[in-house]
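J.: The structure that follows is given in the form of structure tokens.
The values are calculated or read from the model by the stated rules, or taken from the named source; none is laboratory data. Note that the coordinates shown come from a computational prediction; the quantities given were computed from them, not determined experimentally. Positions of Cβ are backbone-derived with ideal geometry, glycine not excepted, and every protein chain shown enters the neighbour counts.
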Amino acid sequence: MSRIAYVNGHYQNLRDAAVNVEDRGYQFADGIYEVCEIVDGKMVDFPRHMARMQRSLRELRMAEAMPLSSLKIVMQEVVRRNRIHYGIVYLQISRGVAHRDHGFPSPAVKPSLVVTAKSLNFAKNQAQAARGVKVITTAENRWPRVDIKTVGLLPNVLARQEARDKGAYEAWYVDAGGFVTEGASCNAWIITRDGKVVTRSAERGILSGITRAVLIDVLASLQLKLEERNFTPDEAYHAAEAFVSSASQIVMPVVSIDGNVIGNGKPGSIALRLREEFHRFSAIS
Ligand code: PLP
């Protein structure tokens, strides 16, 4: 079955789907994106993803591509046409197509909207979570506005490749102060030996993950103690557990950081419990 993409008003074969070469997303990374998990063919935490999308657009002074109710229908239709049971739906909005000039087009042009979806292998992801993954750390080199989910991801691309080259799954950025910010495409968490769950505050230096926000609700309901604060790689090396969170991985236990074994080298029980409980707290639509 060929995959279907939505591009500026048309559902097309992904193979043929294309944007104009003067699309500002293509030329300047002048665009934003969102990724929602699909479970049982339904979007997970859609309202929170849309609220973040609207914020990203506002921060970049970009127009909405269409009303939210219509956007939801398009995203559901892409999921349906691709027969996604478990996977992700990807949405990208750019400022639109205009002759190349750094300043915003004047008058404004119509934003470009692309929606794609793909299946993920549930069993494979579960097996990976049962083994745990390795991460490395790397120097933070992104712009200060990482709170906006822009398609300008070149530093993230290079960090992920560095991780792969070193036989790891993900790279955690470390800021100039020596503190972990987040992963190339996930939020970073550790669990202290006395059971406190620690993740950096979303105020500065990270994308405010939707999975992170839902996990904070999960922690409260499990009566686990949350600390939103900075932590160093060294604290992480000595943590009882570590994990990463994102819409496509939910909770992925980390068993090694920069070659240092975390805990007993196996996924931690709290991380696995959070992974299990997550969908009881996420909204499905
Ligand atoms: N941080 C970065 C840099 C990301 O790219 C992502 C997800 O893609 C996240 C954090 C996690 O965000 P969410 O849980 O909303 O997927």
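J.: For segment 1-75, which fully contained strands (runs of 3 or more DSSP E) count at least 1 residues that are within 14 Å of the ligand (Cβ to nearest atom)?
T.: Strands (runs of 3 or more DSSP E) meeting the threshold: 31-39.
J.: Looking at (1) in a strand (DSSP E or B); (2) surrounded by fewer than 20 Cβ atoms within 10 Å (Cβ to Cβ), which one does V198 not meet, given that it meets all the others?
T.: Every condition holds for V198 apart from (2).
J.: Let me ask you something else. Take the conditions in a helix (DSSP H, G or I) and under 23 Å from Y33 (Cβ atoms) and apply them to A117. Does it pass?
T.: Taking the combined requirement at face value, the residue does not satisfy it.
J.: Among the listed residues G183, G209, G205, which satisfies the condition of being on the phi > 0 side of the Ramachandran plot and either modelled with pLDDT of 95 or more or surrounded by 16 or more Cβ atoms within 10 Å (Cβ to Cβ) (or both)?
T.: G205
J.: Here is a follow-up. Go through segment 1-35 and report how many residues are closer than 20 Å to L60 by Cβ and either touching a helix residue (DSSP H, G or I) at 6+ places or on another chain (Cβ under 7 Å) or of a type in the set (S, T, Y) (or both). Please lay out each step first, then the result.
T.: Of the residues in segment 1-35, the ones closer than 20 Å to L60 by Cβ are 8, 19-20, 22-35.
Those still in the list that are either touching a helix residue (DSSP H, G or I) at 6+ places or on another chain (Cβ under 7 Å) or of a type in the set (S, T, Y) (or both) too: 19, 26, 30-34.
Matching residues across segment 1-35 total 7.
J.: Assess whether G132 counts as being buried (at least 17 other Cβ atoms within 10 Å of the Cβ) and within 13 Å of the ligand (Cβ to nearest atom).
T.: Details: buried (at least 17 other Cβ atoms within 10 Å of the Cβ): yes; within 13 Å of the ligand (Cβ to nearest atom): no.
In short, no.
J.: Looking only at segment 201-228, which residues are in a loop (DSSP other than H, G, I, E, B), of a type in the set (S, T, Y) and within 9 Å of the ligand (Cβ to nearest atom)?
T.: Within segment 201-228, S208 is the sole residue that qualifies.
J.: Determine if segment 70-79 includes at least one residue that is more than 22 Å from A283 (Cβ to Cβ) and either crowded, with 16+ Cβ neighbours inside 10 Å or out of contact with any helix residue (DSSP H, G or I) (no Cβ under 6 Å at 6 or more places or on another chain) (or both).
T.: no
J.: If you don't mind, there's one more thing I want to ask. Please list, ordered by first then second residue, the pairs with beta carbon atoms under 9 Å, 6 or more apart or interchain, first in segment 258-269 and part of a loop (DSSP other than H, G, I, E, B), second hydroxyl-bearing (S, T, Y) and buried (at least 20 other Cβ atoms within 10 Å of the Cβ).
T.: D258/T137
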